[in-house]
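To start, the structure itself, in structure tokens.
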Amino acid sequence: MVGVRFDNGERVIERWDEAFKAVSAEPRRQLLVSLLDAEPTDSVPLPEAAINPNVPVEPERLRTELFHAHLPMLARLEFVEWERDPLRASRGPRFEEVAVVFESLHAMSDQVPDSLVIGCQRLEAERQDVHSDG
């Protein structure tokens with residue numbers, strides 16, 4: 001029984017590490033939130049779905065970064081699936097493992113420090129909804 005718990009513990013640690021690695025870069029966060037907002041079977045256009053509206057970047061540069069770095073990593077972790085032409089992404093088989101990070105943050109937006117909310121349109125909107133409902 002101890003060996004099983006150890007193996008399961010290692011697997012859980014690895015999965016959390018992968019989820020947090022996936023959300024450690026802004027284009028990936030934007031893409032994952034865009035997929036969270038989309039219908040589960042829909043895909044989203046890239047690079048548009050990976051652009052932070054508050055801090056826009058040059059789309060062609062972002063397209064290159066997505067193509068060569070972000071999308072391959074997210075696909076390897078099975079959080080997204082993607083197509084090259086046209087460049088689009090959809091939810092992968094393990095999407096829910098990373099989506100829970102954002103769902104939890106959004107549900108608790110009124111408890112997230114201002115320093116992590118102000119300037120983040122999604123969390124600002126979630127917080128506004130909480131205050132207008134209450």
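The values are calculated or read from the model by the stated rules, or taken from the named source; none is laboratory data. Just so it is clear, the structure is predicted and the values come from calculations on it, not from any experiment. Counting neighbours? That spans all protein chains shown, and the Cβs are built from the backbone with ideal geometry, glycine included. All accessible areas refer to the heavy atoms of the entire protein, side chains included, with ligands and DNA or RNA removed. Shrake-Rupley method; radii C 1.70, N 1.55, O 1.52, S 1.80 Å.
Couple of notes before you dig in:
- Here the Karplus curve 6.51 cos²θ - 1.76 cosθ + 1.60, taken at θ = phi - 60°, turns the phi angles of segment 81-87 into couplings of 10, 9, 10, 7, 9, x, 5 Hz, with x standing for Gly and Pro.
- Nearest-0.05 FRET efficiency for SER90 and GLN121, computed from C-beta distance (R0 25 Å): 0.65
- Residues of segment 88-127 with amide N under 12 Å of the 7 Å Cα→Cβ point at ALA25: none
- For segment 6-134: relative contact order, % (alpha-carbon pairs under 8 angstrom, 6 or more apart): 21
- With the simple model of a label 7 Å out from the Cα in the direction of the Cβ, VAL100 to ALA75 spans 2.6 nm.
- In the chain, a dipole from Cβ-located charges (positive for Lys and Arg, negative for Asp and Glu) runs towards its positive end, and of PRO93, LEU116, VAL33 it is PRO93 whose Cα lies farthest in that direction.
- Rolling a 1.4 angstrom probe over the protein heavy atoms with all chains in place gives segment 8-134 an accessible area of 59 Å² per residue.
- Summing charges over neighbours of ASP17, with a neighbour being any other residue whose Cβ is under 15 Å away from its Cβ, gives +1 when K and R count +1 and D and E count -1.
- Shape call, segment 15-62: gyration tensor on alpha carbons, a/c limit 1.5: oblate
- Toward the positive end of the charge dipole of the chain, with +1 on the Cβ of Lys and Arg and -1 on the Cβ of Asp and Glu, the farthest Cα among LEU62, SER132, GLY3 is that of GLY3.
- Between the entries [x] 25, 23, 13; [y] 21, 20, 15; [z] 46, 14, 8, the label attached to semi-axes √(5λ) of the Cα gyration tensor in Å calculated for this structure is [x].
- As a fraction of the 1.4 Å probe accessible area of the chain, surface on carbon and sulfur atoms comes out at 54 percent.
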